[in-house]
Amino acid sequence: AAKRARLGTSVYEPGLDEHSAAQLTVISDLRRAIDHGELVLHYQPKADARTGAVCGAEVLCRWQHPRLGLLGPDRFIPAAEETGLIEPLTRYVLDHALAQCSTWHAGGWDVPVSVNVGAQCLHDTTFPDQVADVLERHGRPPGVLTLEITESAIIADPHRASAVLTRLRELGVRLSIDDFGTGYSSIAYLRTMPVHEMKIDRSFTTNMRTDPSSGAITRSLLGLAHNLELEVVAEGVEDEETWRVLAALGCDIVQGYGLSRPLPADAFAEWLRDRAL
Ligand code: C2E
Ligand code: CA
Ligand code: CA
Ligand code: CA
């Protein structure tokens, strides 16, 4: 604030205008981006908390915008959700992630992938068939795919979401509740939702060493998930000490900068190769 006062607000205003103009561009360009393959997938490894063995990767979407450069998902996923473009975007991500899986499989690596799925897909009764189709096209078994869904997506229409999730589970796809603990309280839904995995949000895990309440919440969520026989992934694990504490608490899987940042497919393969040596 001191710096801002010294420089005067006029210095910042053009930046703000630029930002909102950019935001408009983002929305109008997104459709073209999907059609022209401007979306890029990065892969962030997940590892067994006890052994450190890599057990899969989360697929995270970026946009290589021709003028604005590489945009993170926070710049365009909310707009995609609002404009209905999230459905073609999700199809794009599923298609490219499974194509990548298939390439890795041919090279002798079976890397299970987790794909983030927005609310709208859970309310689309044709979504399970789309998923079955993309798996078949790329010749991969359903067990290689985990779909990460958020609590809020379920709560928007629990009845319909439950029907879609049940169908996906019958297909043999794994289901994961993402960002658990950050949405509206939905512990009651956990009981009826056919999911396999819970991801503890990084707002709890990242701070658990310094903030006692984050530590307490993490421990409670681990207990809750294990009592429901769910596998637990802790995200946002940034250092070895947090990893060690989580492993001691019985957490199943870790993910975070402490293992690796999300990487482009080639760099991910190289990372895997180096790690295996
Ligand atoms: P998310 O699903 O909770 O993904 C985890 C986010 O945390 C990613 O941010 C990841 O880069 C970041 N992260 C991972 N490890 C660490 C760590 O140790 N410390 C910190 N501080 N951050 C870490 P990213 O890639 O910017 O993605 C943000 C969100 O955008 C995702 O949150 C997800 O909700 C959404 N998103 C990304 N890709 C897709 C997609 O293909 N489809 C949909 N529907 N949403 C996506
Ligand atoms: Ca996720
Ligand atoms: Ca998450
Ligand atoms: Ca998150």
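The values are calculated or read from the model by the stated rules, or taken from the named source; none is laboratory data. As the structure is a prediction and not an experimental result, all values here were calculated from the model. Every residue, glycine among them, receives a Cβ derived from its backbone with ideal geometry; neighbour counts consider all protein chains shown. With ligands, DNA and RNA removed, areas are computed over all heavy atoms of the protein, side chains included. Shrake-Rupley method; radii C 1.70, N 1.55, O 1.52, S 1.80 Å.
Inspect the range 19-41 for any residue being surrounded by fewer than 19 Cβ atoms within 10 Å (Cβ to Cβ), at pLDDT 95 or above and either within 30 Å of Asp239 (Cα to Cα) or touching an Asp or Glu at 6+ places or on another chain (Cβ under 6 Å) (or both) and give the result as yes or no.
Yes, that holds for at least one residue.
Any residue at all in the range 217-236 that is assigned to a strand (DSSP E or B), open to solvent by less than 50 Å² (accessible area, probe 1.4 Å) and more than 13 Å from ligand 1 (Cβ to nearest atom)? Even if it seems obvious, please write down each step before you answer.
In the first step, residues of the range 217-236 are kept if they are assigned to a strand (DSSP E or B); the result is 231-234.
This time we only want the ones that are open to solvent by less than 50 Å² (accessible area, probe 1.4 Å), so: 232-234.
Subset that is more than 13 Å from ligand 1 (Cβ to nearest atom): 232.
Within the range 217-236, one or more residues are assigned to a strand (DSSP E or B), open to solvent by less than 50 Å² (accessible area, probe 1.4 Å) and more than 13 Å from ligand 1 (Cβ to nearest atom).
Restricted to the range 190-230, and to residues that are of a type in the set (D, E, K, R) and within 16 Å of ligand 4 (Cβ to nearest atom), which residue is farthest from Arg169 (Cα to Cα)? Steps first, please.
Filtering the range 190-230 down to residues of a type in the set (D, E, K, R) leaves 191, 197, 199, 201-202, 209, 211, 219, 229.
Remaining after also requiring within 16 Å of ligand 4 (Cβ to nearest atom): 197, 199, 201-202.
Working: Glu197: 12, Lys199: 18, Asp201: 23, Arg202: 26 Å.
Per the stated criteria, the residue is Arg202.
Do you know which of the residues in the range 237-263 that are open to solvent by less than 40 Å² (accessible area, probe 1.4 Å), part of a loop (DSSP other than H, G, I, E, B) and over 18 Å from Asp178 (Cα atoms) is farthest from ligand 4 (Cβ to nearest atom)?
The qualifying residue farthest from ligand 4 (Cβ to nearest atom) is Gly250.
Would you pick out the residues in the range 177-195 that are open to solvent by less than 50 Å² (accessible area, probe 1.4 Å) and in contact with an Asp or Glu (Cβ under 7 Å, 6 or more places away or on another chain)? Steps first, please.
First pass over the range 177-195, keeping only residues open to solvent by less than 50 Å² (accessible area, probe 1.4 Å): 177-181, 183, 186, 190, 193-195.
Within the range 177-195, Ile177, Asp178, Asp179, Phe180, Gly181, Gly183, Ser186 meet the criteria.
Name the single residue, out of those in the range 197-210 being open to solvent by 50 Å² or more (accessible area, probe 1.4 Å) and more than 12 Å from ligand 1 (Cβ to nearest atom), that is nearest to Ile177 (Cα to Cα).
Residues of the range 197-210 that are open to solvent by 50 Å² or more (accessible area, probe 1.4 Å), as a first pass: 202-203, 207, 209-210.
Going one step further and asking which of them are more than 12 Å from ligand 1 (Cβ to nearest atom), we end up with 209-210.
Values: Arg209: 24, Thr210: 25 Å.
This residue is Arg209.
Only one of (1) within 16 Å of ligand 2 (Cβ to nearest atom); (2) without any contact (Cβ under 8 Å) to a residue 60 or more places away in the chain; (3) not basic (Lys, Arg) is not met by Ser214, so which one is it?
For Ser214, the failing item is (1).
What about Val117, is it near ligand 1 (Cβ under 9 Å from one of its atoms), touching a residue at least 24 places away in the same chain (Cβ under 8 Å) and either within 18 Å of Pro262 (Cβ to Cβ) or open to solvent by 70 Å² or more (accessible area, probe 1.4 Å) (or both)? Reasoning before the result, please.
Numbers: near ligand 1 (Cβ under 9 Å from one of its atoms): yes; touching a residue at least 24 places away in the same chain (Cβ under 8 Å): yes; either within 18 Å of Pro262 (Cβ to Cβ) or open to solvent by 70 Å² or more (accessible area, probe 1.4 Å) (or both): yes.
Yes.
What residue, of Thr51, Thr90, Thr83, is free of Cβ contacts under 8 Å to residues at least 24 places away in the same chain and of a type in the set (Val, Ile, Thr)?
After ruling out the rest, the residue left standing is Thr51.
Provide a single number: the residues in the range 51-103 that are part of a helix (DSSP H, G or I), within 16 Å of ligand 2 (Cβ to nearest atom), open to solvent by less than 50 Å² (accessible area, probe 1.4 Å) and more than 15 Å from Leu147 (Cα to Cα). Spell out how you get there, then give the answer.
Kept after step one, since they are part of a helix (DSSP H, G or I), are these residues of the range 51-103: 73-75, 77-83, 86-103.
Narrowing the set further to residues that are within 16 Å of ligand 2 (Cβ to nearest atom) leaves 73-74, 77-78, 80-81, 86, 89-90, 93-94, 97.
When the remaining residues are screened for being open to solvent by less than 50 Å² (accessible area, probe 1.4 Å), the result is 73, 77, 80, 86, 89-90, 93-94, 97.
Still in the running and more than 15 Å from Leu147 (Cα to Cα): 73, 77, 80.
Adding up the residues that qualify gives 3.
Determine which member of the set Arg160, Arg137, Arg174 is crowded, with 17+ Cβ neighbours inside 10 Å and either among the charged types (D, E, K, R) or more than 30 Å from Arg275 (Cβ to Cβ) (or both).
On the way: Arg160 fails: crowded, with 17+ Cβ neighbours inside 10 Å; Arg137 fails: crowded, with 17+ Cβ neighbours inside 10 Å.
From the options Arg160, Arg137, Arg174, the qualifying one is Arg174.
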